[in-house]
Amino acid sequence: MPDNVFPLDSTQPFTAQEITGHNRWHPDIPAAVHVKPGESFRLDCREWFDGAIKNDDSADDIRDAPMDIVHALSGPVAIEGAKPGDLLIVDILDVGPIPQEEGPLAGQGWGYTGIFAKKNGGSFLVDQFPDAYKAVWDFSGGTATSRHVPGVSFTGIVHPGLMGTAPSKDLLGKWNTREAALIATDPNREPPLALPPEPQGAILGSLSGEDFNQVASEGARTAPPRENGGNQDIKNLTKGTRIFYPVFVDGANFSVGDLHFSQGDGEITFCGGIEMGGFVDISVDLIKGGMDTYGVSENAIFQPGNSAPQYSEWLAFSGTSVTLDGEQRYLDSHLAYQRACLHAIDYLSKFGYSPEQAYLLLGAAPIEGRFSGVVDIPNACATVYLPTAMFDVDISPSSNGPTQIDPGIGAPHSAF
């Protein structure tokens with residue numbers, strides 16, 4: 001097993017660990033770990049809310065989730081010899097929940113999915129689901145089941161939701177400038193259009209004093225994906241994946257976190273993957289000058305691993321770029337995917353699931369989402385594919401009508 005260069009104690013909060021990670025992007029956050037090209041190593045990871053979400057039948061913790069503390073990232077990891085303009089090669093050798101532990105921390109044999117309330121982040125379908133809901137999932141080997149969404153079990157597609165390199169000062173400035181301009185177009189929007197730097201809740205590794213205050217006032221929030229990779233939530237970054245990240249600072253300063261036991265395409269409930277703490281084993285290397293050589297200036301590229309669940313039969317739903325009110329939009333793929341998801345939710349509701357249970361399932365299970373047609377004016381077409389084997393009943397349409405499932409205790413709900 002690779003050496004654990006970033007160990008975490010499950011009984012202690014993120015800020016009380018032997019090595020402190022971070023939850024903002026900034027070039028001046030010092031590296032916590034130093035490695036050499038070609039080395040393999042393990043990083044322990046906290047779940048993104050650092051233990052704020054509980055294994056219970058209440059969604060109050062999702063409703064009140066402290067957004068200013070996310071994400072709890074392990075790193076930065078400095079790679080010897082990395083320079084701006086290089087490509088950092090990251091191989092995911094293994095990734096999983098917290099090994100050999102059961103307990104109250106997500107990752108200790110369980111994880112959770114949450115629909116976030118409109119007043120605290122919202123979700124992909126925020127107008128239809130403005131309140132907070134939660135589903136807790138139990139892990140048995142590679143399989144997930146839930147008392148809150150009964151009648152389904154599926155193989156997880158375990159992956160880190162967030163990986164990336166540190167931005168340069170110039171790149172950080174571009175982020176903050178363009179996101180501030182977006183916020184200014186509708187500063188009171190709920191949920192907000194973007195998240196500006198927020199000193200409250202900032203965790204910045206070993207920084208202290210005035211250095212801490214300066215970086216906290218400038219550091220970019222980790223919620224969105226950006227040129228450095230970041231919170232891309234790509235479910236296919238599984239064991240065996242190789243990613244090529246642009247390097248913007250000396251050492252690259254790579255970080256990782258936000259592990260998911262499983263997730264559907266889009267992480268549509270916002271806390272849509274099955275969130276957990278755990279570990280990731282990584283090997284790193286460099287392609288000197290690779291950004292220019294391969295034209296990779298503002299994006300990560302990757303080769304997916306081959307350890308995804310092997311589902312072969314699907315039931316798919318389509319959506320087009322027409323709003324629920326009947327307004328025609330021009331080739332709006334985002335809207336088309338929303339409509340496809342809503343059609344799947346409506347369909348599953350006919351089998352006895354509540355809309356919230358169906359929505360939580362689409363966020364957590366390894367569904368496939370695709371932009372299927374983006375040129376046939378005026379309607380874009382998007383599709384969502386559900387693996388039929390994860391259901392205890394046959395969900396295919398038939399002359400016998402839908403088999404009714406027992407919805408169990410349902411998904412915990414909390415409204416503001």
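The values are calculated or read from the model by the stated rules, or taken from the named source; none is laboratory data. What you see is a predicted model; the values in this text were computed from it and never measured. Every residue, glycine as well, gets a Cβ built from its backbone with ideal geometry; the counts of neighbours run over all protein chains shown. Just so you know, the surface numbers come from the protein's heavy atoms only, side chains and all, with ligands and any DNA or RNA stripped out. Shrake-Rupley method; radii C 1.70, N 1.55, O 1.52, S 1.80 Å.
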Mind checking Rg over Rh on the chain, alpha carbons, Kirkwood formula for Rh? 0.96
Taking protein heavy atoms only, a 1.4 Å probe, and rounding to whole percent, the accessible area of segment 5-136 owed to carbon and sulfur comes out at 46 percent
How much length would be gained if the chain were fully extended between Ser414 and Ala181, taking 0.36 nm per residue of separation minus their Cα-Cα distance, in nm to one decimal? 80.6 nm
Considering the convex hull of the alpha carbon atoms of segment 64-167, report its projected area averaged over all viewing directions, in nm², one decimal. 9.8 nm²
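I'd like to compare 347-354, 85-92: which one has the highest average count of other Cβ atoms within 10 Å, and what's the full order after that? Don't jump to the answer; show the numbers that get you there.
Working: 347-354: 18.5, 85-92: 22.4.
Highest mean packing first, the order is 85-92, 347-354.
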Using a 1.4 Å probe over the heavy atoms of the protein chains, calculate the carbon and sulfur portion of the accessible area of segment 190-321 as a whole percent. 47 percent
What list of ³J(HN,Hα) values in whole Hz, one per residue of segment 20-26 in order, does the Karplus curve 6.51 cos²θ - 1.76 cosθ + 1.60 (θ = phi - 60°) give from phi, with Gly and Pro shown as x? 9, x, 8, 9, 9, 9, 6
With θ set to phi - 60°, apply the Karplus curve 6.51 cos²θ - 1.76 cosθ + 1.60 along segment 255-265 and write out the HN-Hα couplings as whole Hz, x wherever there is a Gly or Pro. 9, 8, x, 6, 5, 10, 6, 6, 5, x, 4
To the nearest 0.05, how large is the calculated FRET efficiency for Ser318 and Asn400 if R₀ is 22 Å and r is the Cβ-Cβ distance? 0.35
What ranking, highest mean first, results for peptides 268-279, 367-378, 38-49 when packing means the other Cβ atoms within 10 Å averaged over each residue? 268-279, 38-49, 367-378
Within a Gaussian network of the chain (alpha carbon springs, distance under 10 Å), most fluctuating of Asn400, Asn213, Asn228: Asn400
Subtracting the Cα-Cα distance from 0.36 nm times the residue separation, let me have the gained length for Lys169 to Ser206 in nm, one decimal. 11.4 nm
Given springs between every Cα pair under 10 Å in a Gaussian network model of the chain, which of Gln100, Gln214, Gln17 has the largest fluctuation? Gln100
Quick check: from the Cα gyration tensor, does segment 5-58 come out rounded (a/c under 1.5), prolate or oblate? prolate
Given the options Ala308, Ala180, Ala32, state which has the largest fluctuation in a GNM of the chain using a 10 Å cut-off (strictly under) for Cα springs. Ala180
Return the long-range amide H neighbours of Ala365 (sequence gap of 5 or more, or a different chain), with a cut-off of under 5 Å between placed amide H atoms. Gly264
Over the chain, what is the relative contact order in percent, taking alpha-carbon pairs closer than 8 angstrom and at least six residues apart? 24 percent
First select every other residue whose beta carbon is under 9 angstrom from the beta carbon of Pro197; then total the charges, Lys and Arg +1, Asp and Glu -1. 0
Rounded to the nearest 10 degrees, the helix 169-184 long axis (Cα) sits at an angle to the longest Cα principal axis of the chain of 40 degrees
Determine the percent antiparallel among the DSSP beta bridges restricted to the chain, to the nearest 5. 90 percent
Cα extents of segment 82-137 along the principal axes, largest first, in whole Å, come to 45, 37, 13
Solvent-accessible area per residue, Å², over the chain with all protein chains present [probe radius 1.4 Å]: 41 Å²
Computed [θ] at 222 nm, deg cm²/dmol, the chain (DSSP H ≥ 4; -39,500 (n - 2.57); rounded to nearest 500): -4500 deg cm²/dmol
Counting pairwise Cα distances across segment 314-410, what percent come out greater than 16 angstrom? 57 percent
